[in-house]
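A short write-up of the structure that comes next.
The values are calculated or read from the model by the stated rules, or taken from the named source; none is laboratory data. Here the structure is a predicted model, which means the values were calculated and not measured. All Cβ positions, even for glycine, are placed from backbone atoms using ideal geometry, and neighbour counts span all protein chains on display.
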Amino acid sequence: MAPLPPSEPVDVPTSFGTVRAYRFTGGTDKTPALLLSGRNASTPMWHTNLVPLLPHRPVICVDPLGEPGMSVQTAPITGPHDEARWLDETIAGLALPRVHLMGVSIGGWTAANYGVHHHDRAASLVLLDPVLTFAPIAAKAVLASPALFLPGVPTALRRRVMRWIAGGAEVDDAPEAALIAAGSTDYAIRKPMPKRLTDNQLRSLRMPVLALMAGRSVMHDATRAAERARNTLASGQVELWADASHAINGEYPERIAARAARFWDDADQPCDLATSVE
């Protein structure tokens, strides 16, 4: 947490445990953005994103329940309805009538899944290379995933897989790598993997959605995912960032902040966004 801007930690009780949230104050009183990290990660993974995001609006980061972090799961999370429920209870406990959700990887799925089950509090969704949302996980990613999630895997192999996911970037000194490595070795996840969203579920999303797909992602076929997003989202803007890897949030923090800020400002307007393909 040391490199992050100052924040106020808040512990929110839910039906499934206590959720840790961090309030970062932005320079405006606009509807806040709530950030959801990916698997085996928590709030510190957003350290490169917070500084460019905060001038645009207040930001709240949540340590996802059932993932390594400061949230504490005390009851079984059995599937998508439970995942949406703990998040809804968290947003309600933070006294937020509406939020803009931004999620990366599985955090993107968490945001989209929330939008499927709870429409009223989600002002919009920003999905950063979300997995199991628009396309299945690639077979090669499934084969490599035990190196990230199973205890006892040699550090050298774990780092090699992380570099592969990050498009070949060096990760040895990255705080995100240390965070994910610690979560992989010192925390046991006790909840099922997400289920890929159906076409009907994606069509049911009533709020504006910005999907930024990473062209070099190894987690899925990004072109296929972008095409399905364009064909199913009623109010969607879909962009394929050709040079981005699955570590898109760390690669393009300034660009993501600028793009999300424009999207959020448009979403806050009373009129609905028209479907856009870029």
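Within region 82-110, the residues that satisfy the criterion of being in a helix (DSSP H, G or I) and over 25 Å from Leu212 (Cα atoms) are Asp82, Arg85, Trp86, Glu89, Thr90, Ala92, Gly93. Of the set (1) within 20 Å of Ala122 (Cβ to Cβ); (2) surrounded by fewer than 16 Cβ atoms within 10 Å (Cβ to Cβ), all apply to Met207 but (2). Suppose the filter is under 28 Å from Gly215 (Cα atoms) and either in contact with a Ser or Thr (Cβ under 7 Å, 6 or more places away or on another chain) or modelled with pLDDT of 95 or more (or both); does Ala33 pass it? Criteria met by Ala33.
Taken over region 89-119, the criterion of being of a type in the set (Val, Ile, Thr) and within 16 Å of Ile60 (Cβ to Cβ) is satisfied by Thr90, Ile91, Val99, Val104, Thr110.
Against the numbered list (1) of a type outside the set (A, V, I, L, M, F, W, C); (2) crowded, with 17+ Cβ neighbours inside 10 Å; (3) at negative phi; (4) out of contact with any strand residue (DSSP E or B) (no Cβ under 7 Å at 6 or more places or on another chain), His81 comes up short only at (2). In this structure, Gly183 does not qualify as in a loop (DSSP other than H, G, I, E, B), of a type outside the set (A, V, I, L, M) and at pLDDT below 95. Among residues of region 1-42 being assigned to a loop (DSSP other than H, G, I, E, B) and either touching a Gly at 6+ places or on another chain (Cβ under 6 Å) or among the basic types (Lys, Arg) (or both), the one that is farthest from Leu65 (Cα to Cα) is Lys30. Against the conditions (1) closer than 30 Å to Ala75 by Cα; (2) in contact (Cβ under 8 Å) with a residue 40 or more places away in the chain, where does Val59 fall short? Just the number, please. Answer for Val59: the failing condition is (2).
Condition check ((1) aromatic (Phe, Trp, Tyr); (2) at pLDDT below 95; (3) part of a loop (DSSP other than H, G, I, E, B); (4) in contact with a strand residue (DSSP E or B) (Cβ under 7 Å, 6 or more places away or on another chain)) across all residues:
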site	(1), (2), (3), (4)
Thr223	no, no, no, yes
Gln237	no, no, no, yes
Ala244	no, no, yes, yes
Glu254	no, no, no, no
Ala257	no, no, no, no
Ala261	no, no, no, no
Asp265	no, no, no, no
Asp272	no, yes, yes, no
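Against the list (1) more than 18 Å from the chain's Cα centre (by Cα); (2) over 24 Å from Arg262 (Cβ atoms); (3) surrounded by fewer than 22 Cβ atoms within 10 Å (Cβ to Cβ), the condition His56 fails is (2).
Which ones in region 111-138 are modelled with pLDDT under 95 and either among the β-branched types (Val, Ile, Thr) or in a helix (DSSP H, G or I) (or both)? Of everything in region 111-138, just one residue is modelled with pLDDT under 95 and either among the β-branched types (Val, Ile, Thr) or in a helix (DSSP H, G or I) (or both), namely Ile137. Under the condition of being more than 24 Å from Ala188 (Cα to Cα) and hydroxyl-bearing (Ser, Thr, Tyr), the residues counted in region 36-59 number 1. Residue-level analysis places Leu132 outside the set of residues that are under 17 Å from the mean Cα position of the chain (by Cα) and either among the hydroxyl-bearing types (Ser, Thr, Tyr) or on the phi < 0 side of the Ramachandran plot (or both).
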